[in-house]
Amino acid sequence: MDATFFFDPACPWTWRTSRWLVAAAEARDLRIEWRAFSLSILSGGQAPPEYAEAMAASSRALRLVEALRAEGRHEDAGRFYTELGTRTHDAGNPPSDKLVAEAVTAAGLDDMAAALDDDRWDAEVHTSHALAFGSAGPDIGSPVLMVPGADRGLHGPILTEVPDLDDTLLLWDSLLPLFRMSAFHEVKRGRR
């Protein structure tokens with residue numbers, strides 16, 4: 001893989017970053033491994049009540065992501081996330097069990113739908129989350145990006161919008177040396 005993207009499907013910032021990465025991957029012929037990063041695990045399962053349904057749906061979706069990864073079906077995992085993000089973030093809807101099910105069908109993954117409710121995948125979600133957190137943490141959230149040849153992953157990049165293709169490629173090409181520089185720690189700007 002050329003990049004490993006750890007994500008929680010409930011996070012809108014992560015969604016924008018994923019669309020940037022997909023565009024960079026298409027232009028640079030990169031292969032993406034999609035992995036679970038759980039905001040529910042990060043919060044110790046203490047999501048505010050208004051986010052409980054979205055977090056539960058996201059947790060179910062991450063089971064499927066890890067089940068697909070276990071079978072080497074990275075493109076299928078990416079297609080599933082695209083279908084889910086289109087139904088949630090692009091449409092302005094919080095994740096729900098209904099939208100997760102619709103995304104599974106739209107991505108052509110009905111053969112894997114049982115993973116959504118198979119709690120045996122929770123251990124794999126925890127393992128994936130721990131790998132991402134250990135690579136880029138502490139004090140991070142979703143997404144985490146890892147590339148080969150780098151000692152650590154990075155949280156982000158966090159994007160307020162998906163850049164055009166020229167800026168997409170400029171950002172990708174600029175980040176690669178930073179990933180691989182062990183002295184690099186953080187660049188940050190306050191959100192508005």
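Brief remarks follow.
- Compared with the dominant principal axis of the Cα atoms in the chain, helix 165-180 is inclined by about 80°.
- C-alpha center-to-center spacing [the stretch 1-30, the stretch 123-192] in angstrom: 10 Å
- Remark: accessible surface ordering of Val162, Val147, Val187 (largest first) is Val187, Val162, Val147, probe radius 1.4 Å.
- Unit Cα scatterers, Debye sum, the stretch 81-192: log10 I(q)/I(0) for q = 0.15, 0.17, 0.18, 0.20 Å⁻¹: -0.93, -1.10, -1.16, -1.22
- In the complete set of protein chains, residue-level accessible area for Lys98 is approximately 140 Å², probe 1.4 angstrom.
- When the chain is treated as a GNM with alpha-carbon contacts under 10 Å, the residue of Ser40, Ser182, Ser58 showing the greatest mean-square fluctuation is Ser182.
- Here the Kirkwood formula puts the hydrodynamic radius of the stretch 7-75 at 13.1 Å, using every distinct Cα pair.
- Net +/- balance of residues flanking Ala57 in space, Cβ distance below 14 Å, scoring K and R +1, D and E -1: -3
- In the context of the full protein assembly, Trp172 retains an accessible surface of approximately 10 Å², using a probe radius of 1.4 Å and ignoring ligands and nucleic acids.
- When shorter helices are ignored and each DSSP H run of at least 4 residues is given -39500 (n - 2.57), the per-residue value for the chain at 222 nm works out to -15500 deg cm²/dmol.
- For the chain, the per residue solvent-accessible surface stands at 51 Å², with DNA, RNA and ligands left out and a 1.4 Å probe.
- Cα coordinate range in the stretch 42-86, projected on the principal axes (Å, largest first): 34, 23, 13
- On the basis of the beta-carbon distance and an R0 of 35 Å, Arg180 and Arg120 show a calculated FRET efficiency of 0.45.
- Candidates Leu165, Leu99, Leu21: whichever shows maximal mean-square fluctuation once the chain is modelled as a Gaussian network with Cα springs under 10 Å: Leu165
- Maximal additional length on extending the Asp110-Ser96 stretch stands at 3.3 nm, based on 0.36 nm per residue less the C-alpha distance.
- Near the amide H of Ala3, within less than 5 Å, lie the amide hydrogens of Arg31, Glu33, all on another chain or at least 5 residues away, with H placed in the peptide plane.
- Among beta bridges from DSSP that stay inside the chain, the antiparallel ones total about 50%.
- Alpha carbon convex hull of the stretch 1-142, projected area averaged over orientations, nm²: 8.0 nm²
The values are calculated or read from the model by the stated rules, or taken from the named source; none is laboratory data. This one's a predicted model, so the numbers in the text were calculated from it and none came from an experiment. Cβ: placed from backbone, ideal geometry, glycine included. Neighbour counts: every protein chain shown. Note: accessible area is taken over every heavy atom of the protein model, side chains too, but ligands, DNA and RNA are not part of it. Shrake-Rupley method; radii C 1.70, N 1.55, O 1.52, S 1.80 Å.
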